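Just passing along the structure, written as structure tokens.
The values are calculated or read from the model by the stated rules, or taken from the named source; none is laboratory data. None of the values given here were measured: they were computed from a predicted structure. In this analysis, Cβ positions are derived from the backbone assuming ideal geometry, glycine residues included, and neighbour counts consider all displayed protein chains.
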Amino acid sequence: MKKMLTFPSPHQATADFESLVGPHLDHLYRVAFRFCTNRSDAEDLVQDLLVKLYPRQAELARIEKLRPWLVTTLYRMFIDDTRRRARSRLQPIDDETAFYDSVPSATPGPADSLAREQRLQSMQAAFDRLSDDHRTLLALHDIEGYRLNELHAMLGIPLGTLKSRIHRARARLRELLAEG
């Protein structure tokens, strides 16, 4: 009669692994944190250890003093990872905020948006204080983009006069902006 091989169910295998390693997880995390000095790296290191050891449950069950063995394995994985990072051409950025601060954003931040909004409000207030003639000329020329010859045809004002009026309107707008 042939003997049939039996495999533990995935649930049973997980329970066995948890019963072996579970009591040591807090200690492993504390040790990993001391090695890495960073929470996420310590969590990753412990997780990598667990992933590596999960298929080797039978070996773990035969180890007499499991905690020192786990810490030794954790330390060796930490050293291997440190050496691998040193050989890598890509260097991770330790401080995530330094990375995000160094990358220009396509969208303005809150401070930039507020400053822009304040500039627009002061510009609009100064623009509203201009005389009707100055406001009209700047609106048509500078804002709407009409050229001088188009303004000459629309308003019937000579080109030389248009140029001087636009110059005076811009100068007055600068004065009003400086006054605040």
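Looking at Arg84, Arg56, which one is modelled with pLDDT under 90, out of contact with any Cys (no Cβ under 9 Å at 6 or more places or on another chain) and surrounded by 10 or more Cβ atoms within 10 Å (Cβ to Cβ)?
Just a single option satisfies the conditions, and that option is Arg56.
If you take the residues in the range 119-146 that are over 12 Å from Leu162 (Cβ atoms) and of a type in the set (S, T, N, Q), which one is surrounded by the most Cβ atoms within 10 Å (Cβ to Cβ)?
Restricting to residues being over 12 Å from Leu162 (Cβ atoms) and of a type in the set (S, T, N, Q), the top hit is Ser122.
Give the residues of the range 149-160 that are of a type in the set (A, V, I, L, M, F, W, C) and surrounded by 14 or more Cβ atoms within 10 Å (Cβ to Cβ), sorted by residue number.
Leu151, Leu155, Ile157
Of the numbered conditions (1) modelled with pLDDT of 90 or more; (2) under 30 Å from Leu177 (Cβ atoms), Ala115 satisfies every one except a single condition; which is it?
(1)
Output the residue which, of all residues in the range 161-171 that are under 14 Å from Ala139 (Cβ atoms) and of a type in the set (Lys, Arg), is surrounded by the most Cβ atoms within 10 Å (Cβ to Cβ).
Selected residue: Arg165.
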